[in-house]
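Report on the following structure.
Every number here is computed from the coordinates shown, using simple stated rules; none is lab data. Because the structure is a prediction, the values reported are computed rather than measured. Every residue, glycine as well, gets a Cβ built from its backbone with ideal geometry; the counts of neighbours run over all protein chains shown.
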Amino acid sequence: MKQLGIIFLILAGIAIQQTAIADAYQDYKQSATQTTAFAYLHQVATHPRCANCHGKIANGKHRPTVGDNARPHPMNITSANNLRLMVADHKFVQVPNSSQPVNCRSCHQNSNGVSPGMPPGAANELMPGFVWHMPPQTMVIKAGMTPQELCDSWLDPAKNSFLVHRGGKDDLKTFEKEFVHHVRDDPLIRWAWQPGKGRTPAPGKHADFVKAMQLWIDKGANCPDDL
Ligand code: HEC
Ligand code: HEC
């Protein structure tokens with residue numbers, strides 16, 4: 001009996017933890033404010049479907065991770081295998097001769113592999129040529145990153161400009177244009193809600209995520225400490 005009781009307590013603990021994680025989306029759905037919107041944005045961004053590709057620094061290298069427990073990517077893949085993209089004629093194309101022979105596209109195609117364990121993939125006509133690759137090291141979403149840290153990092157132009165200038169706190173107009181466009185149209189972001197067999201989708205719905213981003217920016221893109 002005592003053992004059963006302990007098992008029950010453990011299960012109850014897990015249930016409470018999972019409810020706490022699910023809450024940000026539910027809270028936002030119940031009452032859409034700047035605070036609940038950003039909490040939901042943080043819940044999504046720190047989810048493994050997003051954080052895995054943003055990668056982490058391990059043994060001195062920037063590496064993508066895999067699965068819900070962010071394990072190392074097989075075959076020792078690092079940012080050295082990344083693609084470098086640039087914009088030409090409104091399309092994203094690879095910078096000529098910039099990629100190693102083994103790069104993300106060697107395995108990650110325009111759609112998900114059919115069975116679990118096969119490489120996921122995504123592409124669309126909204127952002128032609130924006131294929132599977134990882135962001136620069138400045139965009140790592142660290143394990144346990146707080147909402148304030150995520151917010152500061154998104155609004156810091158030194159961290160967020162790479163392919164295009166994205167603005168920041170001092171240029172909210174550009175920030176809005178780029179961030180809303182990015183979260184709405186980017187095939188890699190949309191993929192997080194259709195990650196293929198054997199992977200947990202990002203919380204909530206893509207359309208709600210886009211709305212939450214729009215609401216947060218419309219209200220001034222304030223970080224949790226200022227709310
Ligand atoms: C040699 C093939 C190969 C190459 C090259 C490769 N990957 Fe992968 N990748 C895979 C396979 C296979 C999986 C699926 C592993 C699994 O689900 O267990 C995977 C899974 C992933 C995932 C996990 C998605 C998730 O949320 O679980 C990410 C992120 C990822 N790769 C990013 C990259 C990036 C970025 C590059 C280039 C820098 C890259 N991969 C290069 C084969 C490859
Ligand atoms: C397959 C890889 C991949 C996945 C999955 C992915 N991203 Fe990204 N993300 C990128 C790349 C690459 C960039 C950088 C684009 C550039 O160079 O400007 C980026 C940039 C961003 C940016 C801009 C950040 C900044 O500091 O400017 C945000 C926000 C973002 N991603 C959010 C997300 C969210 C939220 C998810 C999950 C719903 C997600 N990403 C999933 C690859 C990925």
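Arrange the peptides 148-156, 164-172 so that the one whose residues have, on average, the most other Cβ atoms within 10 Å appears first.
Highest-to-lowest ranking by the protection proxy: 148-156, 164-172.
Got a sec? How would HIS181, HIS73 order by Cβ neighbour count within 10 Å, fewest to most?
Fewest to most other Cβ atoms nearby, the residues stand as HIS181, HIS73.
Could you check which residue among GLY196, GLY144, GLY67 shows the biggest mean-square fluctuation in a GNM of the chain with a 10 Å Cα cutoff?
It is GLY144.
Taking the chain as a Gaussian network, Cα atoms linked when under 10 Å apart, which of GLY204, GLY55, GLY117 shows the biggest mean-square fluctuation?
Looking only at GLY204, GLY55, GLY117, the biggest GNM fluctuation is shown by GLY117.
In a Gaussian network model over the chain where Cα atoms closer than 10 Å are linked, find which of PRO203, PRO119, PRO64 has the largest mean-square fluctuation.
Of the options given, PRO119 has the highest mean-square fluctuation.
Sum up the charges of everything whose Cβ sits under 12 Å from the Cβ of ASN76, counting Lys and Arg as +1 and Asp and Glu as -1, but leave ASN76 out.
That works out to +2.
Tell me, what ³J(HN,Hα) does each residue in the stretch 61-75 have, in order and in whole Hz, if you take phi through Karplus 6.51 cos²θ - 1.76 cosθ + 1.60 with θ = phi - 60° and put x for Gly and Pro?
So the J values, rounded to whole Hz, are 10, 8, 10, x, 10, 9, x, 6, 9, 6, 7, x, 5, x, 6.
On a C-alpha basis, how far is the centre of the stretch 27-53 from the centre of the stretch 97-129 in Å? Whole number, if you could?
Result: 26 Å between the Cα centres.
Using DSSP to define loop residues, name the chymotrypsin sites (Phe, Trp or Tyr not before Pro) in the stretch 156-227 whose beta-carbon has at most 14 other beta-carbon atoms within 10 Å.
PHE162
Beyond a 22 Å Cα-Cα separation, which of these cross-linked pairs lie in this structure: LYS29/LYS211; LYS61/LYS169; LYS91/LYS205; LYS29/LYS169; LYS177/LYS219?
Check vs 22 Å cut-off fails for LYS61/LYS169; LYS91/LYS205; LYS29/LYS169.
Would you list which lysines come within 19 Å of LYS56, measuring only between C-alpha atoms, while excluding same-chain residues fewer than 8 positions from it?
Of all the lysines, those that pass the test against LYS56 - Cα under 19 Å, at least 8 places apart if same chain - are LYS142, LYS159.
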